[in-house]
Amino acid sequence: MSAQTLSPHRFSAGVLALLVHVAFLALLVFGISWQAKEPPGVVVDLWSDLPVKAAKPVVAPLPPPPPEPAPVKKMEPKPAPPVPMRNADIALKEKRKQQETQLKEEKRKQQEATQKQAQKTQMLQEKLKQEAEARQAKALADQQQVAQEAVARAAQAKQAAAQQSIVDDYTSRIQSKIRQKVNQTLCGNGNPQLEFDITLLPTGQLRGNPVLRKGSGIAACDMAVENAILQSDPLPVPTQPEVFSRFRELHLTFRPNE
Amino acid sequence: MKIEATPDFSFLTMLTNASFIVQLVLLLLLLASFMSWWFIFQRLFILRVAKKQAEEFEKEFWSGVDLNQLFQRLTSGRLVPRGMEKIFEAGFREYTKLKKQSGLDISSVMDGTRRAMRAAYQREVDALERSLAFLATVGSVSPYIGLFGTVWGIMNSFRGLANVGQATLAHVAPGIAEALIATAMGLFAAIPAVIAYNRYTHDIDRLATRYESFMEEFSNILQRQGR
């Protein structure tokens, strides 16, 4: 039996089994394209009408010109110190020689100093120039942004105004439709006021029953108005979804005798 | 609007995000699958060899070779006789032994020979059937283990969902996908095991009938010789 336990095929079988599993895992990891990234969302602007051309962006005054680079101080070459006159003849020549070399040395030093100064000033100027350019670019960008914002705001305002007009239109339509159906005789002679809350479906149909928020004190009148609302069931509602969203829940105030 | 639940679920992140129980289930199933595939390949080779051996031996046996010579070759060979050879060897050895003892009639000699062959036959079939029980177990149990992992994962994902105010599909989907891997794994382990189990039991049955018919024929030959 021990020959059976140590089957001659156990290694090859093990390797094959391993291969099968590697293949399976590879299939799982690479084969199935798991949704790795969200599809990019699409933003859609709904315009009720074309936006008016953006108002000309107000050109902001250019930023003040960059300050003039600081005046470069020029180092005046100092005159060589006066050579003290001496009457000594001895070693005059030598002295003169010495003086000459000294003079040369000083001249050289002065030259170097002026050169350095010039370099420095040049660098300073360049830096200033760059800064000024950066400032200008930023100012320009700001200006553009402001202009864009202004355009957006204008468009929004325009849209809001359009929406408002639609809303007003439909509110009056709803009011009149309901008013037609109110049995005014039930509301007496006074000036009762009622408040109802209704919820609408996008088709204009009522969702649920109207809820009486504030009664007139006359049960019959309340009933009459409620009936009127129910009878005028498909109420006129705007078709634009963004405008309709303001009609989903309505608070109606009635004065039936007015 | 932004959805918080990360929609990026690659297979590996799913594995690492899964709960401990689910991970345990997956590991168990992977192990079971590996073992069952190992046995599948092992049995495949062993059965193939056994079939080939049986065919070759039958051919040799029926070619009219001298039985003594055949027995000599089998016992002196390097290889341990297997399968049909083993049955032949056991039967012939018992037969010659009993034959040497005087005072036994042919029917009792044949009885002893048959018993010896039956014992060898049972041992051989048992050797062939090794680890088939494991395949049967994996085939029947691993779908349940996978299902358990899935149920657990979905339970967890729903519990996590309860903490989120507004449930969207993006909240539920990764958890469920994660949990369903366990079922997939269970099925992956079970299906080959069941197929292999059915096929191998069938193959072994056929081999066993072959051995049995050989036993009957061989005892007939021995009985004829013994007279």
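Which condition breaks for residue A:199 when tested against (1) more than 29 Å from residue A:164 (Cβ to Cβ); (2) of a type in the set (S, T, N, Q); (3) surrounded by 13 or more Cβ atoms within 10 Å (Cβ to Cβ)?
It is condition (1) that residue A:199 fails.
Would you please name the residue that is surrounded by the fewest Cβ atoms within 10 Å (Cβ to Cβ), looking only at residues in region B:66-102 that are within 14 Å of another protein chain (Cβ to nearest Cβ) and not small (Gly, Ala, Ser)?
Out of the qualifying residues, it is B:78.
Out of all the residues in region A:157-164, is one or more touching a residue at least 40 places away in the same chain (Cβ under 8 Å), open to solvent by 60 Å² or more (accessible area, probe 1.4 Å) and in a helix (DSSP H, G or I)? Steps first, please.
Within region A:157-164, the subset touching a residue at least 40 places away in the same chain (Cβ under 8 Å) is A:158-159, A:162-163.
Within this subset, residues satisfying the condition of being open to solvent by 60 Å² or more (accessible area, probe 1.4 Å) are A:158.
Restricting the remaining residues to those that are in a helix (DSSP H, G or I) gives A:158.
The answer is yes, given that some residue of region A:157-164 is touching a residue at least 40 places away in the same chain (Cβ under 8 Å), open to solvent by 60 Å² or more (accessible area, probe 1.4 Å) and in a helix (DSSP H, G or I).
Looking at the structure I just gave you, is residue A:180 part of a helix (DSSP H, G or I), open to solvent by 80 Å² or more (accessible area, probe 1.4 Å) and more than 23 Å from residue A:248 (Cα to Cα)?
Considered against the rule, which asks whether it is part of a helix (DSSP H, G or I), open to solvent by 80 Å² or more (accessible area, probe 1.4 Å) and more than 23 Å from residue A:248 (Cα to Cα), residue A:180 comes out as no.
I'd like to verify a number: residues in region A:197-214 that are among the polar types (S, T, N, Q), part of a loop (DSSP other than H, G, I, E, B) and within 36 Å of the chain's Cα centre (by Cα), how many?
Of the residues in region A:197-214, 1 are among the polar types (S, T, N, Q), part of a loop (DSSP other than H, G, I, E, B) and within 36 Å of the chain's Cα centre (by Cα).
If you take the residues in region B:27-43 that are open to solvent by 20 Å² or more (accessible area, probe 1.4 Å) and in contact (Cβ under 8 Å) with a residue 24 or more places away in the chain, which one is nearest to the other protein chains (Cβ to nearest Cβ)?
Among residues in region B:27-43 that are open to solvent by 20 Å² or more (accessible area, probe 1.4 Å) and in contact (Cβ under 8 Å) with a residue 24 or more places away in the chain, the one nearest to the other protein chains (Cβ to nearest Cβ) is B:37.
Within region B:166-174, can one find any residue that is away from chain A (no Cβ under 13 Å) and not aliphatic (A, V, I, L, M)? Explain how you work it out, then say what you get.
Residues of region B:166-174 away from chain A (no Cβ under 13 Å): B:166-167, B:171-172.
With the extra rule that they be not aliphatic (A, V, I, L, M), the set shrinks to B:166, B:171.
Yes; the residues of region B:166-174 include at least one that is away from chain A (no Cβ under 13 Å) and not aliphatic (A, V, I, L, M).
Does any residue of region B:46-62 turn out to be facing chain A (nearest Cβ under 8 Å), assigned to a helix (DSSP H, G or I) and either among the hydroxyl-bearing types (Ser, Thr, Tyr) or on the phi > 0 side of the Ramachandran plot (or both)?
No; the residues of region B:46-62 include none that is facing chain A (nearest Cβ under 8 Å), assigned to a helix (DSSP H, G or I) and either among the hydroxyl-bearing types (Ser, Thr, Tyr) or on the phi > 0 side of the Ramachandran plot (or both).
A quick yes/no check of all residues on (1) closer than 29 Å to residue A:46 by Cα; (2) not acidic (Asp, Glu):
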residue	(1), (2)
A:178	no, yes
A:188	no, yes
A:199	yes, yes
A:202	yes, yes
A:213	no, yes
A:216	no, yes
A:221	no, yes
A:258	no, no
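The values are calculated or read from the model by the stated rules, or taken from the named source; none is laboratory data. If you're wondering where the values come from, they're calculated on a predicted model, not measured in any experiment. Virtual Cβ from ideal backbone geometry, glycine too; neighbours counted across all protein chains shown. All accessible areas refer to the heavy atoms of the entire protein, side chains included, with ligands and DNA or RNA removed. Shrake-Rupley method; radii C 1.70, N 1.55, O 1.52, S 1.80 Å.
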